[in-house]
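To start, the structure itself, in C-alpha cells.
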Amino acid sequence: MRLAKFTFLALGAIAFTGAAAHGETLIGSTGAGYLPFPTMLTQNGTMAFWDDPSIDGSMKNIGYFLTGTGGWAPGLDPLSSQSPHLTAPQWWSSGGTSTGADLSQIFQHDSTTQYQITVILGNTSQLNTLGYYDAGGAPGVPLTTHQLFTAGEFTTGLNTVLPFSPGNFYGFYLSTPQGGGNTFYSEARYNASAADEQNHQHFVVFQDTTASVQTFYIGVEDGVGKNNFQDGGEGYGDFNDLVFKLSAISNSQTPEPAAYILVGAGLASIGLLRRRRRA
C-alpha cells in the first residue's frame, strides 16, 4: 500500500508541474482585448468593424459564416457546410473605438505545443496569397515572410491541414491583385500608405472558447480603401474573403525539465522500494 501511495504522489507532482499555462498569445495595442460576440448582427459596423454588408449576398459577412446563420445557413450556399457553427466566439477589439479595429495584431508562439492551419473558406480569394511574417521589426525594414498558401490553393486545398511552426513573434499577411496589387499585414503600419491602408485593419481574430484545444478563426478582407472600396458596398469590410483556422493539435504539452527530474526521482524511488520488499 505504501508503494501505491508513493507512486500516486510522484505522478501527482508530475501532473502539477505540467499544468502551467500554455498557448498562443495574441498581442495587440494598449487596451485591446477580447469582446463577446454581438447578440445581433446589424451589418452597419457600429458594434464591430467586421459586421458590414457583403457584396457576396444578403447576410454573408464573417459573423454569419462563423455562426452558420443568415446567408451562410445550411443549404443557402455551396460553402455553407464549411461553417464551424460557433455558438459564442469572442473577437479581438482595440477597445478604444466604437468599431474596435486594432491596427496592431501579432502572436507570440507557444513552442511547447504543436499547431496547424486549415483554410475553411476561400470565398473570393482564389487570386490571393496567404503567409506569415516574423514580427518585431519597424516600418521601412524589410520583413521576412513565409508563404503558406498560393493563389488557387484556397479552393483546391480547402480543408487541407498545414503544420504551423513560426518563430517567437509573428503576424499574418495577404497579398492580393485587388486595387492593382497590394499586401496587407496584421500590423497595419506595414500596409501601403495609399488609400489610407495604414489605418485599415484587414484581419479579424476570433477565438472559440468552447473548443477542446486552443482554436482561433481569422477572417481576412482583401478589399482596398477603408470605407471606400473599389468594388463598393462593404463599408469597412465583410472579412469573408478568406477564413482560416489556427488550432493546437492537442492539449498535451512537452514536459518541462523539472518534470523529467520528478519522473526520474519517482522511478528511482519505486525501484528502491521494490528491492527492499524483495529483501
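The values are calculated or read from the model by the stated rules, or taken from the named source; none is laboratory data. Just so it is clear, the model here is predicted, and its values are computed rather than measured. Please note: Cβ atoms are built from the backbone with ideal geometry, for glycine as well, and neighbour counts cover all protein chains shown. Remember, those area values only see protein heavy atoms, side chains included, never the ligands or the DNA or RNA. Shrake-Rupley method; radii C 1.70, N 1.55, O 1.52, S 1.80 Å.
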Item to check | Of all residues in the range 159-180 being assigned to a loop (DSSP other than H, G, I, E, B) and open to solvent by 40 Å² or more (accessible area, probe 1.4 Å), the one that is farthest from residue 24 (Cα to Cα) | outcome: 177
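Report yes if some residue within the range 183-200 is on the phi > 0 side of the Ramachandran plot and either among the small types (Gly, Ala, Ser) or in a helix (DSSP H, G or I) (or both); otherwise report no. Let's see the steps before the verdict.
Taking the range 183-200 and keeping what is on the phi > 0 side of the Ramachandran plot, we get 195-196.
Of the ones still in play, those that are also either among the small types (Gly, Ala, Ser) or in a helix (DSSP H, G or I) (or both) are 195-196.
Yes, some residue in the range 183-200 is on the phi > 0 side of the Ramachandran plot and either among the small types (Gly, Ala, Ser) or in a helix (DSSP H, G or I) (or both).
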Item to check | Every residue from the range 197-222 that is within 22 Å of residue 138 (Cβ to Cβ) and either open to solvent by 20 Å² or more (accessible area, probe 1.4 Å) or aliphatic (A, V, I, L, M) (or both) | outcome: 198, 199
Item to check | Selection count where residues are open to solvent by less than 60 Å² (accessible area, probe 1.4 Å) and over 15 Å from residue 102 (Cα atoms), scope the range 37-57 | outcome: 10
Item to check | Residue selected from the range 58-114 under the condition part of a strand (DSSP E or B) and open to solvent by 10 Å² or more (accessible area, probe 1.4 Å), by the criterion nearest to residue 136 (Cα to Cα) | outcome: 106
Checklist entry - Tally time: how many residues in the range 127-155 are under 18 Å from residue 241 (Cβ atoms), among the hydrophobic types (A, V, I, L, M, F, W, C) and at pLDDT 85 or above? => result 3
Checklist entry - With respect to the numbered conditions (1) touching a residue at least 24 places away in the same chain (Cβ under 8 Å); (2) over 16 Å from residue 107 (Cα atoms); (3) open to solvent by 50 Å² or more (accessible area, probe 1.4 Å); (4) over 17 Å from the mean Cα position of the chain (by Cα), which one is the sole condition not fulfilled by residue 194? => result (1)
Item to check | Whichever residue in the range 36-68 is under 18 Å from residue 207 (Cα atoms) and among the hydroxyl-bearing types (Ser, Thr, Tyr) and, among such residues, is farthest from the chain's Cα centre (by Cα) | outcome: 39
